[in-house]
Structure formats: structure tokens, C-alpha cells
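Okay, so here's the structure we're looking at.
No lab work stands behind these numbers, since they all come straight from the coordinates. Because the structure is predicted, anything quoted here is derived from the model rather than measured. Cβ atoms come from the backbone with ideal geometry, glycine included; neighbour counts cover every protein chain shown.
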Amino acid sequence: MAGVEWWRSAVIYQVYPRSFADSDGDGVGDLPGITAKLAYLADLGVDAVWLSPFYRSPMVDGGYDVADYCDVDPVFGTLADFDRLLAEARTVGLKVIVDIVPNHTSDRHPWFQQSLRDRYIFSTGSDDRPPNDWQSLFGGPAWTRTTDGSWYLHLFDPGQPDLNWRNPQVRDEFDAILRFWLDRGVDGFRIDVAHGMIKAEGLPDAGGEQRLPYFDQEEVHDIYRSWRKLIDSYLGERMTVAEVFDSTPERVARYVAGDELHQAFNFDFLEAPWDPAVLRKIIDETLAAVKDVGAPATWVLSNHDRRRHVTRFGGGLVGLRRARAAALLMLGLPGSAYVYQGEELGLPEVLDLPDEVRADPQWVRSGGRELGRDGCRVPLPWEGDAPPFGFSPGGRAWLPMPREWAARTVAAQREDPDSMLNLYRKALHLRRPATEFAWRPAPDGVLCFETERFLVTANLSGSPVPLLGVPALASSPVTDELPPDTTAWIRT
Ligand code: GLC
């Protein structure tokens, strides 16, 4: 029946495989490590798991540089390990979504190795200058010169050459890749840089243009219409979620129109400061934009590319308190929500990693001017008093873990009824699909809305406000008043 598919209201938990759980002691997380923790995720109460890339890769960009889309990198395990993961997920009732990286391959991909240039974007520059002024999102020019003097495009690292999606062979190959994973039984795909695949004809300079010639081009929608047909030819409710950034809610909504993708990430919500007026505006714009196309709204606070929200919201106890309130705000909204591994533990960004352990190309290519994304990718603390806190049986982790995370381990938080972990658990078990939404009158600085499930009140003002009812759940202790930086759910 239309309108009740699981993904319309799902909470999807993002696993960054390198940093989730290590089974073999090499200090890098892997697929068997994830399988062993699926019961933890089912108990937490999420509906699905999205796995960041685990494919064969030289790991220049943590696996977002894929050399073989249909095999598992040995550091993460084998295809048989993947099948076991999927089977175990079925047993505990979780769906599994895999990450697909269609904008670029690794430069170690056989096509690039065999110099199949018509499958990439090669061009000749003039006077030793690149073909145009495009900049890599990781810093520096988006073009690298090969030994014969021609240039290839890489919107990201030079180790990630952009594919030429005007070549039908590229399209056929990705149809085959989607089928490979659908046949194995995955429930869907997260699509990396989903707005990037088509570049404007003639590769014009970006100049000061508002609309970038390498993002959000009209023809990219043809790809998704064709993918949707392919995906719909499979049984079950398979879904797709698009990573589209640098765009307005209306432009993003075009990717989730009925004959294209199912969901898109809400980066406006993720980037919002802890400010009631900004959040209210984003919630309104989000709901309005998706309503027109019949897609569910989505909400997200953190992921593997952004500074963790405990830190963004002020860090320390203030950041934690706001992160608790933000979790109940997000999970109270209608639609679907994404939880990034470790946010259920209230992990902060690790800002003081030693330079020599940083691995992110953003750090490397900016010459250390940008800290990069390693600080949100530090492995998860599971148990015990000292690093690596049960992350690896080998006693090491690919990024060092702060000693004070002893208090933030899963084992420690399980015992504490008021921990962040237990707040997420309670919220996820209480949460039910909601589609209705209406703002209710509230004092300045307070967000108050009603769905068919709850009256949700988030106090972002500096003072306590009266609470009208007994909450089923609150992010911090309440009386007949709701203190600042607190959200409460009252049953409707
Ligand atoms: C996406 C990924 C990011 C990666 C980039 C290039 O934005 O989320 O981690 O670096 O694409 O693949």
C-alpha cells in the first residue's frame, strides 16, 4: 500500500566500517566485527543499517575511492562475510543499505589502469594550464596532468578520477553493480555525491556562477529515473538515499520525485546551529519541499564528513545536554532519521589527534590548514577502562581513542539509566511512524509541535517554561517546568 513503506519512517544507523568494531585484531574495523554487533543495533531500536564503503580500495579516501565495486576489501573481510552479515541482519530484523560511489572510481580501478579514457573526463589544457578553473572539494585544482600532457578531472582527490556518465558503458556498468548487490539481497543504496555525475557540456569555467557546472545538472535526473525502474523490478521495498549538498530544499526535492529516488539527506538540518529560529525555518522548508513530491522528510545531525554535533553545539556538558535535546527534537519529527555511529554514546569530535595519524585527504591536500574529518571517525568505545575499549582484540585502533572515553563506553552507559545510550534506546522504542505535523503556540525560543504521536517541546530559550502535561520522555530531568536545552515528548 502506498505511503506505508518502511523507509518512510525508518531510523537508519550509519556504520563507518573502519571505526565500528574490529574482529581480527589489526586495529581496523571489519564486516565480521559489524555482524557481531548487529544485536546491539537491533536492541538500540534502529530499523536499518547503512554501511559506508567496504569495497576493494587503496583507501586514499577511506574507501570512497573504489577499485572493485563487486568485492570486499581484504581489510574488511570477504563477500562470504558480507553474506553472513546480511543473514544475521535478517535474523535480528534489520535492513541493510550499502553505499554506491558513482561519481568517481579509484585511480586503481581497472578502467583507469587500462587507460580507458572515454570512461573518464579527460581534456587538453592550454599553455600548461588546466582545462578550466574547477577546484577540488579537497583543495587545489580539480585537474591532474598525466605523463602525455592531457588532464583528467577529479572533483575530490587525484586518486578519485570522475567518471564520464555520458558514456553508455559507464551506465551499463553501474546497472550491473546495482544488480550485483540487489541480487545478494541488500535493501537499498546510499548514493555518494548524487548530484555530481553529469558535468555541463563544454566544461565551462565555474567562475562566480551560482549554479556550479559540475553539480545538479538536468541530465543527472535521467540516471535516477532509469535506476528507479531497475530497483522497482526487484521484489521487496528497496530504497535509495541521495547525498546532494550545496543546494536548496526545492532542488534537492527534485531527486525524490516519484519516479526517481526515495530519500535525500537533509544537510540544512545537519548544518543548523542550535538556534530556534533557524531550526524552525529549516523544518518548515523541509516539510514544504518534500510534501510537493510525496517523499518523506529526513533528518540528520552527524555523519562521517562533519564535526560531531556534541562539539558543534558547544562541547562539554553544554554540548551534551543540547545533543540530548536535539536527539528528541529530530526523532520526534515526521519522516525518517539518520543516526551516525557513536552519537548514541554522545561522542564528541576528537580535535587533538596527533598530525602524524591523520589520514583524511582534506587534511593532506590542504597542507594541514583544515583538520579534516578524522576527528569524527575515531573508533567506537565498547567496554573496559583503557583504549581501545574493546574495539579491537589486538589492543590497538587505527586512530587513537581518548582515555576519557572510559566513561562513554557502551558497557558503562548500559548501566546508567540516564545515559545518552539509554535516552536513544528509550526514544527509538517509543517512536512510531508519524506523518502529521502542526506547530503549536509557544514562548519565544521554544519549538513546539504536534504529530499524531506526541506533543514535542524543545526549549532553546535561556529560561524554564511551563510544561503542559507529563512527558513520556524528556532529554533532561523536568518538573512542571521544562528547563533550557531540554526536549520533552508528551503523548497526544
Ligand atoms: C562523499 C562522502 C565523503 C567522500 C566524498 C568523495 O561526500 O560522504 O566521505 O570523501 O563523497 O567520495
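Once you have a ≥ b ≥ c as the square roots of the Cα gyration tensor eigenvalues for the chain, tell me rounded if a/c is under 1.5, and otherwise prolate or oblate according to whether a/b is larger than b/c. Because a/c hits 1.5 or more and a/b exceeds b/c, the chain counts as prolate.
Please give the per residue volume of the convex hull enclosing the alpha carbon atoms of region 242-386, rounded to a whole number of Å³.
Normalising the Cα hull of region 242-386 by residue number yields 133 Å³.
The distance from the alpha carbon centre of region 409-474 to that of region 1-67 is 27 Å, rounded to a whole number. Of all DSSP beta bridges confined to the chain, the antiparallel ones make up roughly 55%. Averaging the Cα positions of each part gives two centres, and for region 252-330 and region 99-121 these lie 33 Å apart. Secondary-structure-derived ellipticity at 222 nm for the chain, considering helices only, amounts to -7500 deg cm²/dmol, per-run term -39500 (n - 2.57) for DSSP H runs with n ≥ 4.
Of the trypsin sites (Lys or Arg not before Pro) in region 343-382, the ones in a loop by DSSP (not H, G, I, E or B) with at most 13 other beta carbons within 10 Å are 369.
Across the chain, C-alpha contacts under 8 Å between residues 6 or more apart give a mean separation that, scaled by the residue count, equals a relative contact order of 14 percent.
Cross-link pairs exceeding 24 Å between alpha carbons, from the set 37/426; 229/291; 37/95; 291/426; 95/426: 291/426. Given region 438-491, what whole percent of its Cα pairs are spread farther than 19 Å? In whole percent, the long-distance tail amounts to 14. Size estimate for region 176-334 follows the Kirkwood approach: the inverse of mean 1/r over distinct Cα pairs works out to 17.3 Å. If Lys and Arg each add +1 and Asp and Glu each add -1, what is the summed charge of the other residues whose beta carbon sits under 10 Å from the beta carbon of residue 362? Counting the neighbours of residue 362, the net charge comes to -2. Counting neighbouring beta carbons within 10 Å and listing from fewest to most, the residues 66, 350 come out as 350, 66.
Find me the longest stretch of the chain that has none of the exposed GluC sites (Glu not before Pro), where exposed means in a DSSP loop (not H, G, I, E or B) with at most 11 other Cβ atoms within 10 Å. Kindly include the intermediate steps, with their values, before the conclusion.
Working: sites that count: 201, 209, 218, 415, 436.
Counting at most 11 other Cβ atoms within 10 Å as exposed, the longest clean stretch of the chain is 1-200.
Alpha carbon centre of region 129-146 versus region 190-223: separation in Å? Here the two parts' Cα centres lie 16 Å apart. Put a plus charge on the Cβ of each Lys and Arg, a minus charge on the Cβ of each Asp and Glu, and nothing anywhere else: the dipole of the chain about its Cα centre is then about 920 debye.
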